[in-house]
Amino acid sequence: MLALLTDYTVQTVILGALLLGLTSGALGSFAVLRQQSLLGDALSHAALPGIALGFLVAGSRSLPALLAGALITAVAAALTITLLLRRSRLKSDAAIGISLSLYFAVGVVLLSYVQGSAGAGQAGLESFLFGQAAAMLRSDLVVMSVLALASLALLLALWKEFEVTSFDPVFAASIGLPVVLLDAVMTAMIALAVVLGLQMVGVVLMSAMIVAPAVAARQWTDRLDSMTILAALLAALSGVVGALISATARGLSTGPLIVLALTVITLVSLAFAPKRGWIASSLARRRARRNLHEHQVLDILQGLALRHDDAAYLSEEGMVDSALGVRARTTLQQLERQGLVERDSHRPEEGPHWRLTAEGREAQGNALHSGGKA
Amino acid sequence: MSEAKIHEPNLAIHVEDLTVNYGSHPALWDVDLDVPPGVMAAIVGPNGAGKSTLLKAILGLVTPTAGHVYILGRPFGEQRRRVGYVPQRTSVDWDFPTRVLDVVTMGLYGELGWLRRPGRAERERALAALEQVGMVDYQDRQIAQLSGGQQQRTFLARALVQDADVLFLDEPMAGVDATSEAAILSVMRDLRAEGKTLLVVHHDLQTVRTTFDWMALLNVRLIAQGSVEEVYTRENLQEAYGGNVALLAATPQEDRPLGT
Amino acid sequence: MEQMFRLAKISWGSRAVVAAPLVSLFFALIPGSSLAQSEPIRVVATIGMIGDLAEQVAGPCGVVTTLMGPGVDPHLYQATSGDVRDLDRAQLILYAGLSLEGQLGNVLAGFSQRKPTVAVADRAVPESMRIAPEEGYAYDPHVWMDAELWAQAVPVIASALAAAAPECQADIEARAARYQIEVQAMHDWIRAATLTIPASQRLLITAHDAFAYYGRAYGLELAAIQGISTQSEAAIADIRAVAERIADSRVPAVFLETTIHPRTIQAVIDAAGALGATVRLGGDLYGDALGDRSTLAGTYLGMMYVNTRTIVEALGGTLPGLPEELEAWRERRGLLEESR
C-alpha cells in the first residue's frame, strides 16, 4: 500500500487531505471549545445552496465560482444564526438547527431546479453531497494551500485573542477586546475550512472533520496549544490513511473512508486515553470502590468483634454480606491476600468465617475510630 | 483637549444618571454613584436589584440607555488600563484546557496588544499575582481540578496582574470555602492598604459592616451611599429590601465577621 | 336549466343551438370518449432517446413529454411533483427499464397499475442480446448505443402508440417503418465510419460505462472510470486504472459524457500525463441524454451521428458520406449548417 505514495493521483489526494485536515482540525478545536460543534454542521449544509447558486451565476462548473458561492451562503447561515439568537428567545441548538435545515432545504430545491432546467452541463453538482476526492486536480491544491496557510497564519497571529474570547468572553470584553468582531472572524474562518473540505468529504460528512479531531485531541492533553496542534495532526493523519485505503481497490469512496479513519481514532481516544479515557476512568472508579469496600468490611469485622467482646471473634460470611449490602467474598479475599483478615473453617458445615488478623486489628486501630458500626 | 474631559478627579468612580433597560422595564434607573478613592466599597441589595448590571454597565459590557462613567476623573473608555474586573465564577466553561498560570496571564492580553505574545516578563507578573493570592503551588493545575474558592482566587489574580487602580468584583466570596474566603479578603485589604479602590457586589448583608468601609444600597435606584456607619440604618435597609428587615438585626454582636 | 329557458322565453330551436356546444364540450372533457378522437394522445417518456423515437413515430397523433432533459443523468434523477402530474395525465408511459431510471422505480410501478406503461428497452431487446456486466447490474441498460438494437425499439413503441390511439394505427405504422429504415441506415453508416479508425487506436475511454453496446456493435474496446451507474463517486483506484490503460495503449483522446462532471476526466488526463502519456479531451459524448433540442444532438439520430463524428475524428479516422436513406434526415436537421 505504501507503494501507492508514489502515484500522481494518490499524491494529489493525500496533499488535499493533509491541507483539509490541518485547517479543519485546528479551527475545529475552537469551534468545539466554544460549544459551537453544531456550527460546523450548519455551515457545511448551508454551503449546498451556494454551490447551486455559484453554478447558476457563473454558468459553468468552475471551482472558484462554486466555492465562492458556498462560502457566501455558509457565512449567511452563520449570520442567520446570530440574528435568531439576538432577536428571539431561541437557544443556540435550536437556532443552529433551524438555520441548517432552512439552507439545506433551499439547496436541495435549487439542485433539483438545476437538474430539471435546460442546458446540458449542470451535471456533477450532486458530487458535493459526499465529495469527489479522487477528482482533485493539482490546480485545486494551489487554491487550497493558499487559503489554508492564510487561515492558519491568521489563527496564529490572533491566537491569544481567540483564546481569551473563547474561554471567558465577558472578561475579554472587559479588557477592551472587540469580542463580536473576533467571533465573526472565527466563524468566517471555520466557514472557510468547511468550504475547503467540501470537495473531499462533501456536505454531509464535513461536520465530522470539524468536531471529531478536537474531541479526540482533548482526550490526550490539557493545554490549548497542544490540543489544537494534535487535532490538526490527527485530522491530517485520517486524511492520509483514508486516502491510501481508498486507493487500494476500485469503487472505494475516499471521503467516507477519511471520516471512518477519523472515527476510529476518536473512539480509540475516547476509550484508551489516560485519565480522561473511558477505560482509565472506569479502572479508577473500580479502584476507589474497592478501597471503600475494604474499609467498610474491616469496620464491620471490628464492629462485630466489639459487640461480642472478642478480638478474635469469627464472623460468619453471611453477616458480613448483609452489613455490606453486597457479596463480601471478593473483598474478604483481597483483604486476606493483604494479611489483614483470615479465614477459619473449623466448622466446615457452617460455611466460611472470617476475623481480623493482628495486622488487621492494628490497621483499624490506626485508622478512624469507627467503633460500633454493626 | 484631554484637560477638558477631566471631571471629578477626586473620585475613584463617578457615575451619573446611569440607566439600563432590559426590554421595557428598567434594571437600573437614574443611578448617581460617587466612590472616593482608597475604600473597599460594597454594593448590596435584594435579588434582581441590578447589582451585577451596575458593574457591567460601568465596565461597558452592557450598553446603558443613559448615563456617564468617569474613573479617576476621565471617561471610562480612556481608563481601561487602570481598571480590573473579577466576574462571577459561573460564566466560564471549567473544562477548558487551560492551567491556572495561563488564566492569570490572560489578564495581560489587553495590555500586550495585537500580535505580541506573552513572554518571560508576563510570566513573572502572573506568578507574582498568584503569590499574592496564595496559589503559586497550583500554577500548573488544570482549572477543572480547582475548588470553588481556588477558582475565585485565580480570577482575582487575573485582575491583580493588570495592576489596576480600581477593581470591580462581582460576588467574589459567594459559595467559597473558609480558607479561600480568608485569602481573598486578605488580598482585598492589602489592595486597599496600597491605595486602590475596590467596588464589590456583595452577597451577604450580614457581613457588610465588618468587612467594608463604604457601601451603596441599590434596588434599581440608588437608595443610599456613603460610609457604612452612615448608610447601614434600619430606614435605609427597609427602603431597599422592602420589609424583611426583621431578619436583619442591625446590632453589631449578631454580625459574623468575615474571615473567621 | 329548464327554469332558465322558460324565463327567457327562448324557443326549442335556440335551446338546441345553445345546448349542443355545451354538450359537446362536456363530452370532450371526458377522457377516452369517442368525441375526443381528434385530440393527440398524451405520451410521457422518461429519457430523450425514447421520447424522440415516440415523437418520430407518433407524429401529429401524439404529444410527447420527456421528463429528463438534456444533460440530466437518468441514474440519479428523482421525480418532481410536476413530473408526477405529467405522468398522471398521460395516456401512455414509456420508459427504458433494465434499472436505468434507478430512482423512479416506485413511481413507475405505481403508474403501471393504472395505465399502459412500457419498459421499452426491456421489451425490445431479448436477453440473449443484452450485455451482462461483471458486477452490479443484471443487464447494462444503455441499449440505444447500438443503433441496430435500438431499431428494434421502434416497433415496440409503435404498437404501444397504436394501442393507445387505434384510429391512428395506419399512420403510426407507416411512420415507424420509415423511421426504422433511417435508424438501420445510421447503424450501417456508423459501422463504416468506425472501421476507418486505425487498429491501434480502437479504444474508447469515457467517464462512465455507458458505451458497452457501442463498443460491441462497432468494434471498439472500452475503458471507463466509473461503472454503469454514476451513483457512486469515482475512486482513486478507478482514475489510476484508466490512466494506466491510457499509458499502455497510447490512445490519443479520451471522452467526456455530458452528464458527468469534467473534473473526473481531467484528473485522468493529468494522471496519464504523469505517467508520460499525453492524451487530450476528444470531446463531449452524449451517453445518457440527448443534447439541447435546438442542436444537432437533440434527436436520437443526431446524437448517434455527433457521437460517432466526435469519436472517429478524435481517434484518427475519417468520416464517410451519409447514405441516401439519411438524406431526408439530413435536410430535416439542416446538417449543412449544423451546430455542435
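Annotations for the structure displayed:
- Looking across the stretch A:300-320, the residues that are surrounded by fewer than 16 Cβ atoms within 10 Å (Cβ to Cβ) and in a helix (DSSP H, G or I) come down to A:R307, A:G318.
- Residue tally, condition surrounded by fewer than 19 Cβ atoms within 10 Å (Cβ to Cβ) and in contact with a strand residue (DSSP E or B) (Cβ under 9 Å, 6 or more places away or on another chain), over the stretch C:56-74: 2
- Here A:I229 meets the list (1) buried (at least 16 other Cβ atoms within 10 Å of the Cβ); (2) at pLDDT 95 or above; (3) away from every other protein chain (no Cβ under 13 Å) almost entirely, failing just condition (3).
- Matching entry among A:R343, A:R327, A:R337 (being surrounded by fewer than 13 Cβ atoms within 10 Å (Cβ to Cβ), touching a helix residue (DSSP H, G or I) at 6+ places or on another chain (Cβ under 7 Å), of a type in the set (D, E, K, R) and without any contact (Cβ under 8 Å) to a residue 12 or more places away in the chain): A:R327
- For the stretch B:181-212, the tally of residues that are among the aromatic types (F, W, Y) and surrounded by fewer than 22 Cβ atoms within 10 Å (Cβ to Cβ) stands at 0.
- From A:A188, A:A243, A:A271, A:A212, residue being modelled with pLDDT of 90 or more, surrounded by 24 or more Cβ atoms within 10 Å (Cβ to Cβ), out of contact with any Cys (no Cβ under 8 Å at 6 or more places or on another chain) and within 29 Å of A:F167 (Cα to Cα): A:A212
- Residue check for A:V297: in contact with a His (Cβ under 7 Å, 6 or more places away or on another chain) and either buried (at least 20 other Cβ atoms within 10 Å of the Cβ) or small (G, A, S) (or both): no
- Selected residue (only one of B:P46, B:P9 is part of a loop (DSSP other than H, G, I, E, B), under 25 Å from B:G242 (Cβ atoms), over 16 Å from the mean Cα position of the chain (by Cα) and in contact (Cβ under 8 Å) with a residue 40 or more places away in the chain): B:P46
- Residue within the stretch C:308-323 that is of a type in the set (A, V, I, L, M, F, W, C), within 14 Å of another protein chain (Cβ to nearest Cβ) and touching a helix residue (DSSP H, G or I) at 6+ places or on another chain (Cβ under 7 Å) present: no
- Where helices (runs of 4 or more DSSP H) fall entirely within the stretch B:61-169, those with at least 3 residues that are buried (at least 19 other Cβ atoms within 10 Å of the Cβ) and at pLDDT 90 or above are at B:100-106, B:120-133, B:148-160.
- Evaluation of B:R74 against (1) of a type outside the set (G, A, S); (2) within 14 Å of another protein chain (Cβ to nearest Cβ); (3) closer than 18 Å to A:I175 by Cβ (one fails), failing number: (2)
- When residues of the stretch A:157-171 are limited to those that are without any contact (Cβ under 8 Å) to a residue 24 or more places away in the chain and more than 8 Å from every other protein chain (Cβ to nearest Cβ), the one surrounded by the fewest Cβ atoms within 10 Å (Cβ to Cβ): A:P169
- For the stretch C:281-307, a residue qualifies if it is buried (at least 24 other Cβ atoms within 10 Å of the Cβ), assigned to a helix (DSSP H, G or I) and within 12 Å of another protein chain (Cβ to nearest Cβ), and the qualifying residues are C:A297, C:M303.
- Test: residue in the stretch C:66-85 that is more than 14 Å from every other protein chain (Cβ to nearest Cβ), outside any loop (DSSP other than H, G, I, E, B) and within 24 Å of C:V143 (Cα to Cα): no
- Residues that are touching a Phe, Trp or Tyr at 6+ places or on another chain (Cβ under 9 Å), within 7 Å of another protein chain (Cβ to nearest Cβ) and of a type in the set (G, A, S), drawn from the stretch C:255-280: C:A271, C:A274
- Single residue of the stretch A:141-150 satisfying the filter (farther than 16 Å from A:M206 by Cβ, in contact (Cβ under 8 Å) with a residue 40 or more places away in the chain and not small (G, A, S)) that is farthest from the other protein chains (Cβ to nearest Cβ): A:V143
- So C:A174, is it within 14 Å of another protein chain (Cβ to nearest Cβ), of a type outside the set (F, W, Y) and without any contact (Cβ under 8 Å) to a residue 60 or more places away in the chain: no
The values are calculated or read from the model by the stated rules, or taken from the named source; none is laboratory data. Since we're looking at a predicted model, the values are computed, not measured. Methodologically, a virtual Cβ is constructed for each residue, glycine included, from the backbone with ideal geometry; neighbour enumeration extends over all protein chains shown.
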